[in-house]
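Inspection log for the structure reproduced underneath, given as structure tokens.
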Amino acid sequence: MTETMTPGLGASAEIELRGVSKTFRGTASGDVPVLDNVDFRAAPGEFVSVIGPSGCGKSTLFRLIAGLDVADEGDAELNGEPLDPTDHPVAYMPQKDLLLPWRSVMRNVTLPLEVNGVKRAEAAARATELFPLFGLKGFEKAYPYALSGGMRQRAALMRTVIQERPLMLLDEPFGALDSLTRTEMQEFLLDVWAQFGHTIIFITHDIREAIYLSDRIYVMTARPAQVRMVVEVDIPRPRPLDVIATPRFGELEAGLIHALREENQQQEASR
Amino acid sequence: MTNPSTSPAASPPPREREEAAARAQRGRRLHQVARYAPGVLFPLGLLAIWQLYTSAANVDPTVLPEPTRIVEQLFKSRQIAWEHTAQTLKETAVGFTISVVVALLVAVLMDQMGWLRRALYPTLIASQTIPVVAIAPLMIIWFGFGLLPKVLLIVLVTFFPIVVALLDGFAATEREAMDLLRTMGAKRMQIFRLVRFPGALPQMFTGLRISATYAVIAAIFAEYVGAYQGLGIWMSTSKSAFRTDLVFGAITISALISVTLFLLIGVISRFVMPWYYASRRSP
């Protein structure tokens, strides 16, 4: 744990996976290979997206990095050292906000600190600094049911950021939001990232979302997922919203649509 | 560094908000009256029909006494009625408290230890199929006329619904929520304390409300087959003395105890889980 307020917030990490494979054994449909020899890398402070047909195993990749599952084969390294999931180097934001309905926003956001034995007063002090930034000032004592979808996601993101972990895994965090709120949240996320400089790995279905946010995009194949291609997004930052209307954006989008459509067809065919 | 584009949620000015709150409260009060009135009017209507029939047809009071007579006689015997009521209340309170505490312990252990759950579950289900009619007299033979057989019968009847409610509540915890806690570094017991247990509270209170009414019935039944005091034995002796009015009086009291317990647990659950009721009110 850090001694002062913010240094941990700014830390970032390098993660590298080499030849990672995973098969789910003994499921209803037999052994299901999910990941096949996946190489993956995110440099310190990089924003990397993972995109692929639904059900291809993107979330499994996350579960491996977060230490929720163990790979059958392959190596995972964090900052050049073997990844030790029991260290919990990763802050994870799942698809659902998973705010606990019996806790106020403040107590939800400070939950990870409480789990790690931080005193309640200190945890609250740390969270209080973040509330204005996340547009939730004045809602500290509110319960989740009283919040809008966008506010709930911001609270969930805040719960992720407050953990001061160098690596953030965001699993389709905006998937359930309407498109306007979603756009706002994308801008908001880029602001937070610019401020804290985490390494972010982001799963999405949405090609535009991936291009708009990322430095690099991993396109996965149909299951068992391999890396089909890696796209460098060479659009300079900061990226205004209308960047999606530029020719370069269009080119990248066309390439990704083409690749994903092929993979989706593969996925359909294999069913 | 850029400043994040926060969007502070617009809140209406204070006065407008107060007025809206007052309006909402008036609305809620009206709404509540409309909601609870039928529940009170229906039994009153039944009583009115009963009263009209018994007085018009001049029914023998040892067969079916008029409601007014029941109230009158109950009031006359209020001293003895209170003594019996106190005994039944005591048994219910002791038995139900023991049942809740033991059920909580057992449910938590069963949730945390799969082998224990698999070992106990069939027996628990079987315990529910034991006819109370058959076991209650045996309990009197084994344990006498005192408090113990009553408490045991109450536990036997109420224990299972509470355990099942808790186990269902624990099992309904979202897997993703537990995974999330794990990535935060939470240990097994922390996950239980922070997610599984609070998430099971709504189910637990449903179980408690149901078994509280069972507890009263079990106490009265145990008394009916053998006791020194209590509403059950009072019903039995009143019946033998053809005091049907007092039998109904005792029934009325036991019904009142059940309803009160039911409501009391509802109040406690509102106090323990305000978030649950608030989230159900909001759309």
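The values are calculated or read from the model by the stated rules, or taken from the named source; none is laboratory data. Here the structure is a predicted model, which is why all the values come from computation and not from measurement. Every residue, glycine as well, gets a Cβ built from its backbone with ideal geometry; the counts of neighbours run over all protein chains shown.
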Study note, to complete from the structure: Those residues of the range A:165-195 which are among the polar types (S, T, N, Q) and within 12 Å of another protein chain (Cβ to nearest Cβ) amount to A:T181, A:T183, A:Q186, A:Q195
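Against the definition (in contact with a strand residue (DSSP E or B) (Cβ under 7 Å, 6 or more places away or on another chain), more than 25 Å from B:E72 (Cα to Cα) and assigned to a helix (DSSP H, G or I)), how does B:T183 come out, yes or no? Break it down stepwise before answering.
Numbers: in contact with a strand residue (DSSP E or B) (Cβ under 7 Å, 6 or more places away or on another chain): yes; more than 25 Å from B:E72 (Cα to Cα): yes; assigned to a helix (DSSP H, G or I): yes.
So B:T183 passes the test.
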**Study point:** Residue, farthest from the other protein chains (Cβ to nearest Cβ), within the range A:102-120, restricted to residues that are in a loop (DSSP other than H, G, I, E, B) and over 23 Å from the mean Cα position of the chain (by Cα)
**Key:** A:K119
Revision key, fill the gap. If we keep only residues of the range B:254-283 that are closer than 13 Å to B:T85 by Cα and crowded, with 19+ Cβ neighbours inside 10 Å, then the residue farthest from the other protein chains (Cβ to nearest Cβ) is B:S254
Point to revise | Selection within the range A:76-101 - surrounded by fewer than 21 Cβ atoms within 10 Å (Cβ to Cβ) and not in a loop (DSSP other than H, G, I, E, B) | key: A:A76, A:E77, A:L78, A:E81, A:P82, A:P85, A:T86, A:D87
Exercise for review: Residue by residue through the range A:121-155, note down the ones that are farther than 27 Å from B:Y276 by Cβ, facing another protein chain (nearest Cβ under 10 Å) and modelled with pLDDT of 90 or more.
Suggested key: A:P132
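Tell me which residues, restricted to the range A:228-243, are within 14 Å of A:A259 (Cβ to Cβ) and surrounded by fewer than 16 Cβ atoms within 10 Å (Cβ to Cβ). Break it down into steps so the answer makes sense when it comes.
Residues of the range A:228-243 within 14 Å of A:A259 (Cβ to Cβ): A:228-231.
Listed by number, the residues that qualify are A:M229, A:V230.
Pull up the range B:184-210, narrow it to residues that are of a type in the set (A, V, I, L, M) and buried (at least 20 other Cβ atoms within 10 Å of the Cβ), then point me to the one that is farthest from B:L166 (Cα to Cα). Walk me through how you get there before you give the answer.
Applying the first criterion (of a type in the set (A, V, I, L, M)) to the range B:184-210 yields B:184, B:186, B:189, B:191, B:194-195, B:200-201, B:204, B:208, B:210.
Okay, now just the ones that are also buried (at least 20 other Cβ atoms within 10 Å of the Cβ), so B:184, B:186, B:191, B:194-195, B:200, B:204, B:208.
Values: B:M184: 26, B:A186: 22, B:I191: 16, B:L194: 15, B:V195: 13, B:A200: 6, B:M204: 5, B:L208: 10 Å.
Per the criteria, the residue is B:M184.
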Review point. Do we have B:M235 as at pLDDT 90 or above, more than 14 Å from chain A (Cβ to nearest Cβ) and crowded, with 18+ Cβ neighbours inside 10 Å here?
Key: yes
Practice item. Could you tell me which residue of the range B:261-283 is modelled with the highest pLDDT, considering only residues that are among the small types (G, A, S) and over 18 Å from B:G207 (Cβ atoms)? Key: B:A278
Point to revise | Top-ranked residue of the range B:227-258 - restricted to ones that are of a type outside the set (S, T, N, Q) and more than 25 Å from the chain's Cα centre (by Cα), ranked as farthest from B:F143 (Cα to Cα) | key: B:D245
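Would you confirm whether any residue within the range A:156-164 is among the small types (G, A, S), more than 8 Å from every other protein chain (Cβ to nearest Cβ) and touching a helix residue (DSSP H, G or I) at 6+ places or on another chain (Cβ under 9 Å)?
Initial filter on the range A:156-164 (among the small types (G, A, S)): A:156.
Adding the requirement that they be more than 8 Å from every other protein chain (Cβ to nearest Cβ) leaves A:156.
Okay, now just the ones that are also touching a helix residue (DSSP H, G or I) at 6+ places or on another chain (Cβ under 9 Å), so A:156.
Yes, the range A:156-164 has at least one match.
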**Study point:** Test: residue in the range A:127-140 that is charged (D, E, K, R), in a loop (DSSP other than H, G, I, E, B), farther than 24 Å from B:Q190 by Cβ and more than 18 Å from the chain's Cα centre (by Cα)
**Key:** yes
